[in-house]
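The values are calculated or read from the model by the stated rules, or taken from the named source; none is laboratory data. Not measured: the values here are computed from a predicted model. Cβ placement follows ideal geometry from the backbone for every residue including glycine, while neighbour counts extend to all protein chains displayed.
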């Protein structure tokens, strides 16, 4: 695979060669039917969207060159990843995505051919999930490429937050963990929207989040006060020969981790899951225990660190 | 005024010196009461917000170092500007702002002292307009600083879009135009939220937008098919000795431009405006006429260009 380069070697193929107005017209063409007509879509000061059913959700995540993608990722996959990162956040609350806006900050040397593929990848993903791209902005940024997508969603039923776990609760994770960068999972993943909505309807599920910075780091936010996770290396669902350390620390898994009440009928939960999602693994990886009561054979959480963005 | 520098000269005072987790804790402290507790505020996968009354609005705008601010703008003013740019878009539809999320992409050398002031400026503006900062993201970006804010709003009554003007309609603008950079107006401006909402309730007002890229360029989007704006230099409200060219082209005015029906009782509109906004100028700057019927003494629009972001 020869990936298209992000930066154009000639002025002719670059964003600068067409200027802002023509670029915005091109973006609208690349996005096509993924954006409705204004004011419901791109073209007015704000996008007009229908109000959320139930409660509204709002999230924002960027895609940055050199951080979230590089030359090994095709522009279409990069565009899709920008939306999927945000969809994963909606999934983590058990919600439904409604509408997205995209702010692009980019160097004038960015290649038009690359950008066309990027938007086509974004638009395709947006159609697949029925999330219209309703607006955005384009601005100049010297030497880099940052696309930031904000996603509005809704949750008509129960919302699963990160709070609510108790000592004794079981800890579950969807899919597999680790080696996300090495395997391309970091852009190939499917956001767990159906799974998240399903879990929000299960009364025994207490709290949920997505695993994006590595389980070791993210699990902190799910851990109730006065408790600690007792995880067992042998129980972790490892992706493609990942080590326990890679599963704990690599990040960009975009899987769901959730807690289920200690008294839950685990066999019933797991059986219902298998009927609903026969192709998606669900693994109990341990439970929350009272601090100080972590069994000696459990993983020592202090030995693992998740991804730190700014070091 | 000695402005705080964006980049720290020592590792000790930089974002890198504290890492992501501590930085996010600091940001939550700097934002303070401008963010409610999670899941309504910062701290979960998505923010949970109440559904829009009427219709929802969604917009996104970045603040980029070297483009939207530089060393002459204090970090507090830069933080306020990030929100105000987006508020101006909500104002341009006649809507109300509801909740904001902020994605920060920044170099590890960014100064913590600068960033603290930036967030305090943002939080102050957010409290003034009662727009909670409900979530966000922090990521690494080599060599630069990009803050992107997405703003959800609502409009329970009429929404004013850019469409709906007809040949014969009068063209009005709020405030003054030109020399926004030279005078500091580009960060000192007040978003025209009350004015926009008031105008949306006036039946004679047909279409509206905000002036951000220069009147010459922006007015295109308000101009009906088969018509052209007939503007008169002597009628333009000039800011602090701005020339007609500066008023037409400078950009970053963040004023409202709107059309009023040709048959409107202009004196009544202007009198009601003066009662509602005694300190804000409202100026009729011309009207839309049929293409080819532009009077010879009107400004030749082709002679003026607005701000082009990518050239």
Requested in this report: Within the stretch A:229-244, track down each residue that is surrounded by fewer than 22 Cβ atoms within 10 Å (Cβ to Cβ) and closer than 15 Å to residue A:289 by Cβ.
Outcome: A:230, A:232, A:235
Query raised in the report: Looking at the stretch A:74-84, is at least one residue without any contact (Cβ under 8 Å) to a residue 24 or more places away in the chain, touching a helix residue (DSSP H, G or I) at 6+ places or on another chain (Cβ under 9 Å) and surrounded by 18 or more Cβ atoms within 10 Å (Cβ to Cβ)?
Result: no
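Residue A:10 - would you say it is at pLDDT below 95 and in contact with a helix residue (DSSP H, G or I) (Cβ under 9 Å, 6 or more places away or on another chain)? Before you say what the answer is, go through the steps one by one.
Working: at pLDDT below 95: yes; in contact with a helix residue (DSSP H, G or I) (Cβ under 9 Å, 6 or more places away or on another chain): yes.
Against the criterion (at pLDDT below 95 and in contact with a helix residue (DSSP H, G or I) (Cβ under 9 Å, 6 or more places away or on another chain)), residue A:10 qualifies.
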Query raised in the report: When only residues in the stretch B:125-172 that are outside any loop (DSSP other than H, G, I, E, B) and free of Cβ contacts under 8 Å to residues at least 60 places away in the same chain count, which is surrounded by the most Cβ atoms within 10 Å (Cβ to Cβ)?
Result: B:125
Report task. Collect the residues in the stretch A:177-189 that are at negative phi and touching a helix residue (DSSP H, G or I) at 6+ places or on another chain (Cβ under 8 Å), keeping them in residue-number order. Result -> A:177, A:180, A:186, A:187, A:188, A:189
Report task. Can you work out which of the residues in the stretch A:208-247 that are assigned to a helix (DSSP H, G or I) and away from chain B (no Cβ under 14 Å) is nearest to the chain's Cα centre (by Cα)? Result -> A:215
Query raised in the report: Taking the stretch B:70-98, which residues are within 14 Å of the chain's Cα centre (by Cα) and more than 12 Å from chain A (Cβ to nearest Cβ)?
Result: B:77, B:78, B:79, B:80, B:81, B:83, B:84
Query - Verdict on residue B:103 being crowded, with 24+ Cβ neighbours inside 10 Å and either in a loop (DSSP other than H, G, I, E, B) or out of contact with any helix residue (DSSP H, G or I) (no Cβ under 9 Å at 6 or more places or on another chain) (or both) - result: yes
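Okay, residues lined up against (1) at pLDDT below 95; (2) more than 14 Å from the chain's Cα centre (by Cα); (3) facing another protein chain (nearest Cβ under 9 Å):
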{"residue": "B:154", "(1), (2), (3)": "no, yes, yes"}
{"residue": "B:157", "(1), (2), (3)": "yes, yes, no"}
{"residue": "B:161", "(1), (2), (3)": "no, yes, yes"}
{"residue": "B:165", "(1), (2), (3)": "no, yes, no"}
{"residue": "B:171", "(1), (2), (3)": "no, yes, no"}
{"residue": "B:180", "(1), (2), (3)": "no, no, no"}
{"residue": "B:185", "(1), (2), (3)": "no, no, no"}
Report task. For the stretch B:173-185, name all the residues that are farther than 24 Å from residue B:58 by Cβ and not in a loop (DSSP other than H, G, I, E, B). Result -> B:173, B:177, B:180, B:181, B:182, B:183, B:185
Query raised in the report: Just a yes or no: is a residue in the stretch A:37-44 within 9 Å of chain B (Cβ to nearest Cβ), in a strand (DSSP E or B) and within 19 Å of residue B:57 (Cα to Cα)?
Result: no
Report task. Filter the stretch B:186-207 for residues that are part of a loop (DSSP other than H, G, I, E, B) and crowded, with 23+ Cβ neighbours inside 10 Å and give the result. Result -> B:191, B:192
Query raised in the report: Is one or more of the residues making up the stretch B:110-122 within 17 Å of the chain's Cα centre (by Cα) and more than 9 Å from chain A (Cβ to nearest Cβ)?
Result: yes
Requested in this report: Among residues belonging to the stretch B:15-36 that are within 9 Å of chain A (Cβ to nearest Cβ) and touching a residue at least 24 places away in the same chain (Cβ under 8 Å), point out the one that is nearest to residue B:123 (Cα to Cα).
Outcome: B:23
Report task. Of the conditions (1) within 10 Å of chain A (Cβ to nearest Cβ); (2) crowded, with 20+ Cβ neighbours inside 10 Å; (3) modelled with pLDDT under 95, residue B:57 clears all except one; give me its number. Result -> (3)
Query raised in the report: Pick from the stretch B:60-69 the residues that are within 24 Å of residue A:43 (Cβ to Cβ) and either more than 7 Å from every other protein chain (Cβ to nearest Cβ) or over 18 Å from the mean Cα position of the chain (by Cα) (or both): which of them is surrounded by the fewest Cβ atoms within 10 Å (Cβ to Cβ)?
Result: B:68
Report task. From (1) out of contact with any strand residue (DSSP E or B) (no Cβ under 7 Å at 6 or more places or on another chain); (2) in the same structural domain as residue A:137 (by TED's automatic domain parsing); (3) part of a loop (DSSP other than H, G, I, E, B), pick out the condition that doesn't hold for residue A:22. Result -> (3)
